[in-house]
Amino acid sequence: MSPPARRLVREALEALGIRRLLLGVHDAAFPTLPGEDVGRGSPSADGAVELLELASALGFDGLQLGPSGATSASNPSPYDGTLFSRNPLSIALAPLTRPEWACLLREETLAELVAARPGGDRVAYGYAFAAMRRALAEVAARFRAARAAGAGGPVAELAARLTAFRAEHAGWLVPDALYEVLEREHGGASWRAWPSREDRELFAPGPGAGAAGASRREALLARHRGEVEDHSLVQLLAHEQHAAFRARARALGLALHADLQAGMSERDVWAAQGLVLDGWRMGAPPSRTDPEGQPWGFAVLDPRGYFETDASGGRADGPVIRFLRARVRKVLAEHDGLRVDHPHGLVAPWVYRAGGEPGAAVRAGARLFCSPELPELAALAIARADQVNPGVPRHADDRVVSLDDDQVARYGALFDVIMEAVPEPRDVACEILSTQPYPLARVIARHGLGRFRVTQKANLDDPRDVYRGENAKPEDWIMLGNHDTPTVWTKAERWVETGASGRHAEHLASRLLAENEDRAAWARAVAADPAALAQARFAELFVGPARHVMVHFTDLLGSRAPYNVPGTVSGANWSLRIPHDVRTEHAARVRANRALDLPGALARALRARGAGFVALHRELLAGLDAAARPAR
């Protein structure tokens, strides 16, 4: 699509009242050129511009990224990554071979790593992890050598920026660097398995917080000064490349929305042991999506650290609030909007005892702050016993039935930290799926925020179902699916195969066709064609009342494979990649009716408003029809 086509799409979105249209994509999936591909995508890769240009040309006004933290050698899930450090795997290597980066990476090294990459079109995570470690070690070594030799130009400039970066971000750079040092010393084991107690508790409250702990930290920093600096250099590269990526996106009219994950990585828990609730873990309760629940094993921030008493006896922010505020401010300094992953974890987390069989433990869990009847959680309860319905399961949305305003404010203590920092509250997307407990509903209502409406999950037998598009509110975010669902193309094929497509087509006809159109004939044609059914589902996103639309890249590009299957550990998860010629590939797929047709979807949504609306936007519709897939 051309720039004029983008203007048509933007005009159509405005006419339909759509405020935001975001394309969902994680770092690892970004396209790379063949000569820079070491097994994983990067937003800063030379080939990534293809996706930016496609998103801009199609009329998107932003990208919904995934969490950006560093992942471990054995776990590619971005939702288990670090909270402050950026992922070194997202550093693009090709720019580091050029003069502006002092040729810190040899072209021969990059060529060797590219040549040795395993075949296939998915992320080769293990190879990419090792390749990036080798490449970045070379970068750090060549930087140290050039600086020691008194090199000027780019090396001297980089050295000055590194000094400033280390000073500004010492609060998280030092613990993260020391964790990597100690992890290597202990053979790659997680900190919980380190035999040295003083290493396990280097940042823990108690003895580690006193003179002995400080002395141990200083000794480690002195002994591993070079490794700590190398870690800082890698982080500087990651942050500067992200800033350049953000500038490129902004020049194309694209905002970047971050993903504030619910979980803490192991290194973050190690560095913040004094801030977590000992003996408890956070997971997902039994739900419509997963009746067995999910034992995530995430740490729970300790409510007793939310606030503290200041010198005058008044209430002041405690260490937990300060920790979260630092995290949120950093994320928002690097992005333009925010997706809050599982906001339940900030307001009313589902907690369970650590140490037992995880599946049984999570099913026997309860909501923190909502369980005054449980002796082990009663001291932390905000809801009173008379505000809890004992006749429904602990995980039920209506377990808590009433709250006064002061209680709602207490539930919202952490969430309010986020909202105080965001420049535009409407650009906060709360990942609330099938479960929205009453305290969470009250907290987000204070800020005028909505929930997610994932229309592929709609229950057509329940007129009040939360996933039906017509039940959305203007503040909601509506989508076909996300990184954790099958693609709409797979779902549509399944609906046709199982005979469910007729119901879906009839429902969509009521949403997408004006009263003067032949809904019955349209529904019969759509019900017989999985591609037409997928396109119709897409068009429904734009008819309202939700004003915020997200489209995951797998749906946009017509993928049949899911990006992630939640609750499973598989090499296929988080491994889908976008081809480097994505603009050409997408256009070809749209022509073949194998990818989403945005102009066609918008034209259908406009026509759903009726003859008067069509007449008012006749010229716009003509332009969209010309830009849409032929013979749609």
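The values are calculated or read from the model by the stated rules, or taken from the named source; none is laboratory data. Computed from a predicted model, the values in this text were never measured in an experiment. Quick reminder, even Gly has a Cβ in these numbers, built from the backbone with ideal geometry, and neighbours come from all protein chains shown. Keep in mind that these areas ignore ligands, DNA and RNA; they rest on the heavy atoms of the full protein, side chains included. Shrake-Rupley method; radii C 1.70, N 1.55, O 1.52, S 1.80 Å.
Taking a point 7 angstrom from the Cα of Ser402 along the C-beta vector, which residues in the range 445-461 have backbone N less than 19 Å away?
Correct set: none at all.
What do the square roots of 5 times the Cα gyration tensor eigenvalues come to for the range 232-312, in whole Å, largest first, as semi-axes of the equivalent ellipsoid? All intermediate terms of the calculation are to be shown ahead of the outcome.
Working: eigenvalues 207, 107, 42 Å².
Semi-axes (√(5λ), whole Å): 32, 23, 15.
Apply the a/c threshold of 1.5 to the C-alpha gyration tensor of the range 9-112 and tell me whether it is rounded, prolate or oblate. The partial results should precede the final answer.
Numbers: a/c = 2.84, a/b = 1.61, b/c = 1.76.
Oblate.
Using the Kirkwood radius over C-alpha pairs as Rh, can you work out the diffusion coefficient of the range 301-373 via Stokes-Einstein at 20 °C, viscosity 1.002 mPa s, in µm² per second?
Working: Rh = 14.9 Å.
In µm²/s, the coefficient rounds to 144.
Work out the length of the dipole vector of the chain about its Cα centre, built from +1 on the beta-carbon of each Lys and Arg and -1 on the beta-carbon of each Asp and Glu, and round it to the nearest 20 debye.
Rounded to the nearest 20 debye, it is 620 debye.
Let me make sure I get this right: for the range 269-344, a, b and c are the square roots of the gyration tensor eigenvalues over alpha carbons, sorted descending. Under 1.5 in a/c it's rounded, otherwise prolate if a/b > b/c, else oblate. Which is it? Could you put the intermediate results ahead of the total?
Values: a/c = 2.36, a/b = 1.43, b/c = 1.65.
It is oblate, given that a/c is not under 1.5 and a/b is not larger than b/c.
Quick one: work out the % antiparallel among DSSP beta bridges in the chain, nearest 5. Spell out each step's value before the answer.
Numbers: 14 of 38 bridges.
Taking every DSSP beta bridge with both residues in the chain, the antiparallel ones total about 35 percent.
Mind checking the log10 I(q)/I(0) for the range 238-282 at q = 0.25 Å⁻¹? Debye, one equal scatterer per Cα, no solvent, two decimals.
-0.91
Largest first and in whole Å, what are the equivalent-ellipsoid semi-axes of the range 423-496 based on the Cα gyration tensor, each being the root of 5 times an eigenvalue?
Numbers: eigenvalues 122, 40, 20 Å².
The three semi-axes for the range 423-496 are 25, 14, 10 Å.
Hey, what's the per residue convex hull volume over the C-alpha atoms of the range 141-275, in cubic angstrom? Walk me through the intermediate numbers first.
Values: hull volume 19.1 nm³, N = 135.
It is 142 Å³ per residue.
If amide H atoms are built 1.01 Å from N in the plane of the peptide, which residues on other chains or at least 5 residues away come under 5 Å of the amide H of His617?
For His617, no residues qualify.
So how long is each side of the range 459-614 along the principal axes, counting just the alpha-carbon atoms, biggest first, in Å?
Extents along the principal axes: 49, 36, 34 Å.
Amide H neighbours of Cys430 under 5 Å, counting only residues 5+ apart in sequence or on other chains, H built in-plane at 1.01 Å?
Counting only residues 5 or more places away or on other chains, the set is Val340, Gly450.
Any chance you could check the Cα centroid distance between the range 389-442 and the range 461-495 for me, in angstrom?
One Cα centre to the other: 22 Å.
Expressed in nm², what is the orientationally averaged projection area of the convex hull enclosing the Cα positions of the chain?
On the way: hull surface 122.3 nm².
Result: 30.6 nm².
Counting helices only, and only those DSSP H runs with n ≥ 4, report the 222 nm mean residue ellipticity of the chain as the sum of -39,500 (n - 2.57) divided by its residues, in deg cm²/dmol to the nearest 500.
Numbers: 25 runs with 272 residues, N = 632.
The per-residue figure over the chain is -13000 deg cm²/dmol.
For the range 354-490, just list the percent of Cα-Cα distances falling in each 5 Å bin from zero outward, please.
For the range 354-490, the pair-distance distribution reads 2, 9, 15, 17, 17, 17, 14, 7, 2, 0.
When Rg is the radius of gyration of the Cα atoms in the range 561-629 and Rh is its Kirkwood radius, what does Rg/Rh come to?
Working: Rg = 17.7 Å, Rh = 14.8 Å.
Answer for the range 561-629: 1.20.
Just want to confirm a number: the relative contact order over the range 447-513, from Cα pairs under 8 angstrom separated by 6+ residues, in percent. List each step's numbers first, then the result.
Details: 68 pairs, mean separation 18.9, N = 67.
Worked out over the range 447-513, it gives 28 percent.
For the range 486-531, would you read off the P(r) tail past 17 Å as a percentage of all alpha carbon pairs? Write down the numbers at each step before the final one.
Numbers: 302 of 1035 pairs.
The share of Cα pairs beyond 17 Å in the range 486-531 comes to 29 percent.
Sort the range 296-337 into rounded, prolate or oblate with this rule: let a ≥ b ≥ c be the square roots of the eigenvalues of the Cα gyration tensor; rounded if a/c is under 1.5, and if a/c is not under 1.5, prolate when a/b is larger than b/c, oblate otherwise.
Values: a/c = 4.54, a/b = 1.43, b/c = 3.17.
Since a/c reaches 1.5 but b/c is at least a/b, the shape of the range 296-337 is classed as oblate.
When the scattering of the range 90-141 is computed by the Debye formula from its Cα atoms alone, each counted once and equally, what is log10 I(q)/I(0) at q = 0.17, 0.20, 0.23 Å⁻¹?
The calculated log intensity ratios at q = 0.17, 0.20, 0.23 Å⁻¹ are -0.50, -0.68, -0.86.
Normalised by the empirical 2.2 N^0.38 Å for globular proteins, what value does the Cα Rg of the range 187-257 take? Present the calculation step by step, with values, prior to reporting the outcome.
Working: Rg = 18.7 Å, N = 71, 2.2 N^0.38 = 11.1 Å.
Ratio of Rg to 2.2 N^0.38 Å for the range 187-257: 1.68.
Just how much of Thr584 is accessible, in Å², when a 1.4 Å probe is used and the result is rounded to the nearest 10?
The value for Thr584 is about 100 Å².
Considering every Cα-Cα pair within the range 312-423, what fraction, in whole percent, is farther apart than 22 Å?
On the way: 2746 of 6216 pairs.
Percent of Cα pairs beyond 22 Å in the range 312-423: 44.
Normalise the Debye intensity by I(0) for the range 17-71, one equal point scatterer per Cα, no solvent, then take log10 at q = 0.14, 0.21, 0.29 Å⁻¹ and round to two decimals.
Computed log10 I(q)/I(0) values: -0.40, -0.80, -1.18.
Give me the 1.4 Å probe accessible area per residue for the range 81-123, excluding ligands and nucleic acids, in Å². Show your work: numbers first, answer last.
Details: 1760 Å² over 43 residues.
That works out to 41 Å² for each residue.
Seen from all sides and averaged, what is the projected area of the convex hull of the Cα atoms in the range 241-385, in nm²? Write down the numbers at each step before the final one.
Details: hull surface 48.7 nm².
Computed as one quarter of the Cα hull surface, the answer is 12.2 nm².
Under the rule of at least 5 residues apart or a separate chain, name every residue whose amide H is placed under 5 Å from the amide H of Ile478.
Excluding prolines and chain starts, which carry no amide H, the hits are Arg453, His548, Val549, Met550.
Carbon and sulfur atoms: what percent of the 1.4 Å accessible area of the range 84-221 do they account for? Mind dumping the intermediate values first?
On the way: 3670 of 6540 Å².
Ligands and nucleic acids excluded, carbon and sulfur give 56 percent.
Explain nothing, just compute: Karplus ³J(HN,Hα) = 6.51 cos²θ - 1.76 cosθ + 1.60, θ = phi - 60°, for every residue of the range 573-587 in order, whole Hz, x for Gly and Pro.
The phi angles translate into 5, 6, 10, 5, 10, 8, x, 5, 9, 5, 5, 5, 5, 5, 4 Hz.
If the cut-off is 18 Å between C-alpha atoms, which lysines fall inside it for Lys491, apart from same-chain ones fewer than 8 positions away?
Lys457
For the range 25-33, just list the computed ³J(HN,Hα) in residue order, Karplus coefficients 6.51, -1.76 and 1.60, θ = phi - 60°, integers in Hz, with x standing in for Gly and Pro.
Result, rounded to whole Hz: 7, 9, 3, 4, 8, 4, x, 10, 6.
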